[in-house]
Structures are given as structure tokens and as C-alpha cells.
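**Student:** Here it is, the structure in full.
Each reported figure results from applying straightforward, stated rules to the coordinates on display, with no laboratory input. Since this is a predicted model, take the numbers as computed values, not measurements. Note: ideal-geometry Cβ built from the backbone for every residue, glycine included; neighbour counts use all protein chains shown.
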Amino acid sequence: METHELALYFDENLFISDMKARNKEESLQELSELIASQRYIRNPGLILDMLHQRETLGSTGIGKGVAIPHGRTVAASDVVIAFGKSEKGIDYNSIDNKPAQLFFMVIAPFHDEKNIYLPILGSLVTFLNQKKNRERISQVTSFDEFISIIRGE
Amino acid sequence: MSKNELEKLVSLQDLDLMIGEAKEVEKLGFNMNGYDELIKAREKLAQDIPKPLLARYERLRAKLKRAVVPVKDDICLGCFLRQPTSRGSRGREESLIFTCESCGRILYWLD
Ligand SMILES: [Zn+2]
């Protein structure tokens, strides 16, 4: 998936330039509650539960300051990505043991007609593997700046 | 959070999907060193669901792949049959276990 297509799944209302969370649990809560507050999901508890199970499977902290908590659930109706940035960084039990600063929470429905969930995850990983992209994203203060970087502008 | 039976079924199905998809997600570059632990978590959750309901879930899953499906705008997203509106308010507020009269799947109201 090209990043201009990936950009379609972000939402200005699901963007936090300065997260309040101080630990991993709070980071999952902060982003899933934001998704629920925007009415993408009715029951944030179910999403949080699914995300906890996902972390049991293996930390979604992929290293280099990036975390991509993700999963599919019957309780979601659309694919959405919430973004959050923590200046201080959060201990996320990442594979390189470095604190996470950039959080991309991807929530998808159980049945995803267009089969876009896995391509979205793959495209995010590829994008964030590039040092230049991580550096630019870590500087953003507004959604407009953020989304133009995702679009590759 | 103490979950009701419907919520437990939703979690179980989410977990089954996660287990089924783990290999594909691993290929994208995620580590999956807790696979065995997740299988144990699945067993634990299943034990917490009344036996007849769990059996119903397993039967539906074997037959239709998805045992629990969302309802959106009163439409079953498993077979697209419209559900009576009166069911919706009860399905949401009381989290009762309703099944779709057309496809037999267990219904979860999204909105
Ligand atoms: Zn149906």
C-alpha cells in the first residue's frame, strides 16, 4: 500500500501531539479512549482487552522509538489509526528496550471486506523503518504537518 | 471490568482471529514470542464461558467461520438481514444474547 492511501485512515480527531501517558498501560488507554470518544467504537474496554492480549503475543514496540499496537475486533466498525507522540518517551517493553515515542494504534473490524488491515500494518512498518520518516514525525506539532509527511509530501 | 457473556464471546473471537493471523502479522516484522502464552490465555477465557454457550460458539465457528457478527444500523453484517428495531435497544443495553434469525450467528450491536 502506498502511503498516500495509508493517509486516508488517519483522522484529525485521533491525533495527540503530546501524550499524557507515563507508562505502557496508560498509553494503550489514552489512545483507545480517544478512539471510543470519537464514536468509532462503543465499548473501549473490549478494545483494550484485545490490545492487552496482543501484547501477550509479543510486544508491538518494534524498536527505534516506535510502537504499533494493533488488532481486529468484532467491536469495531471501520479501520482507524490513532497517532500519539510522547516527548519524554514511554517504557514499552520494546524489542530494543528503548522507550517508545511514536505510537500508531491500528484498530480494524473482524471482517475487513477490502482486505486492507495487513497492508496497512505492513505499510506503516516500512514507512517507520526509515530514519528520515521517524525524525520528521517526531518533530510534528499539528495534524496537517503530520499527514503531509505520511503522504510523502 | 467484569464482562458479561456476550463480551466474553467477543473477546474469545477476537483472540481466535489473532491466533489465526499471527503468522501473517509476524511476516510484517512483529515479534511473536508469546504465542504459547496466548494459547493459554485463550483456554482460560474459554473456561470462563458457560459450556452450552461455548459449544454454540464452536459450532457456529466451524460452520460459518464467524460466530459473532456486528449489527450496524439494525443490519446483521453476517448475512445483511435487517433485525427488528425493538431488538436493538435490548441488544445494546442489556447485552442479551440474540441470534440472527436468518444466519444463526450471535449478534453484537456496534452502535
Ligand atoms: Zn445474519
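**Student:** Out of every Cα pair in region B:8-60, what percent are spaced more than 17 Å from each other?
**Tutor:** Details: 542 of 1378 pairs.
When every Cα pair of region B:8-60 is considered, 39 percent fall beyond 17 Å.
**Student:** I need the semi-axes of the equivalent ellipsoid of region B:1-99: take the C-alpha gyration tensor, multiply each eigenvalue by 5, square-root it, list largest first in whole angstrom.
**Tutor:** 28, 17, 13
**Student:** Could you order the peptides A:120-129, B:91-100 from most to least packed, using the average number of other C-beta atoms within 10 Å per residue?
**Tutor:** A:120-129, B:91-100
**Student:** Go through region B:20-27 residue by residue and turn each phi into a ³J(HN,Hα) via Karplus (6.51, -1.76, 1.60, θ = phi - 60°); whole Hz please, and just put x for glycine and proline.
**Tutor:** Result, ordered by residue: x, 9, 4, 4, 5, 5, 4, 4 Hz.
**Student:** For the pair A:Glu135/A:Arg22, report the inter-label distance in nm, with labels modelled 7 Å from Cα in the Cβ direction.
**Tutor:** The modelled label-to-label distance comes out at 3.2 nm.
**Student:** So what's the gap between the Cα centers of region A:18-41 and region B:7-30, to the nearest angstrom?
**Tutor:** 21 Å
**Student:** Based on DSSP H runs of at least 4 residues, each adding -39500 (n - 2.57), what is the mean residue ellipticity at 222 nm of chain A after dividing by all its residues, to the nearest 500 deg cm²/dmol?
**Tutor:** Calculated mean residue ellipticity at 222 nm is -12000 deg cm²/dmol.
**Student:** Using a ≥ b ≥ c from the Cα gyration tensor of region A:52-153 (square roots of the eigenvalues), is it rounded, prolate or oblate, where a/c under 1.5 gives rounded and otherwise the larger of a/b and b/c decides, a/b for prolate? Numbers along the way, then the final one.
**Tutor:** On the way: a/c = 1.89, a/b = 1.22, b/c = 1.56.
Verdict is oblate for region A:52-153.
**Student:** Still on this structure: Please list, in chain and number order, the residues 5+ apart from B:Tyr108 or on another chain whose amide H is under 5 Å from its amide H, with Hs placed from the backbone.
**Tutor:** B:Val69, B:Val71
**Student:** So what is the diffusion coefficient of the protein assembly as shown in µm² per second by Stokes-Einstein at 25 °C and 0.890 mPa s, using a Kirkwood Rh over Cα pairs? Show your work: numbers first, answer last.
**Tutor:** Values: Rh = 19.1 Å.
Answer, rounded: 129 µm²/s.
**Student:** What size of dipole, in debye to the nearest 20, comes out for the protein assembly as shown about its Cα centre when the only charges are +1 on Lys and Arg C-beta atoms and -1 on Asp and Glu C-beta atoms?
**Tutor:** Dipole magnitude for the protein assembly as shown comes out near 640 debye.
**Student:** Could you give me the ³J(HN,Hα) list for region A:123-137, computed from phi with Karplus coefficients 6.51, -1.76, 1.60 and θ = phi - 60°, whole Hz, x at Gly and Pro?
**Tutor:** Whole-Hz 3J(HN,Hα) from phi for region A:123-137: 5, 5, 4, 4, 4, 7, 6, 8, 4, 4, 5, 4, 5, 5, 5.
**Student:** Considering only DSSP beta bridges whose two residues both sit in region A:3-150, what percent are antiparallel, to the nearest 5?
**Tutor:** Values: 10 of 19 bridges.
Taking every DSSP beta bridge within region A:3-150, about 55 percent pair in antiparallel fashion.
**Student:** Can you list residues from other chains, or at least 5 along the same chain, whose modelled amide H is less than 5 Å from the amide H of A:Gly63?
**Tutor:** Result for A:Gly63 returns A:Ile95, A:Asp96.
**Student:** Follow-up. I need to check one value: relative contact order of chain B, counting alpha carbon pairs closer than 8 Å and at least 6 residues apart, in percent.
**Tutor:** Across chain B, relative contact order equals 25 percent.
**Student:** Work out from phi, with θ = phi - 60° and the Karplus expression 6.51 cos²θ - 1.76 cosθ + 1.60, the ³J(HN,Hα) of each residue of region A:56-68, listed in order in whole Hz, and give x for Gly and Pro.
**Tutor:** Per-residue couplings from phi come out as 5, 5, x, 4, 8, x, 8, x, 6, x, 10, 10, 10 Hz.
**Student:** How many lysine pairs are close in region A:25-153, with Cα atoms under 21 Å apart and the two 8 or more places apart or on different chains?
**Tutor:** Lysine pairs satisfying the spacing and distance rule in region A:25-153 number 13.
**Student:** In nm, what is the difference between 0.36 nm times the number of residues separating A:Arg151 and A:Arg39 and their Cα-Cα distance? Don't jump to the answer; show the numbers that get you there.
**Tutor:** Working: separation 112, 0.36 × 112 = 40.32 nm, distance 2.53 nm.
Length gained between A:Arg151 and A:Arg39: 37.8 nm.
**Student:** Normalized C-alpha radius of gyration of region A:1-68, against 2.2 N^0.38 Å?
**Tutor:** In units of the 2.2 N^0.38 Å rule of thumb, it is 1.19.
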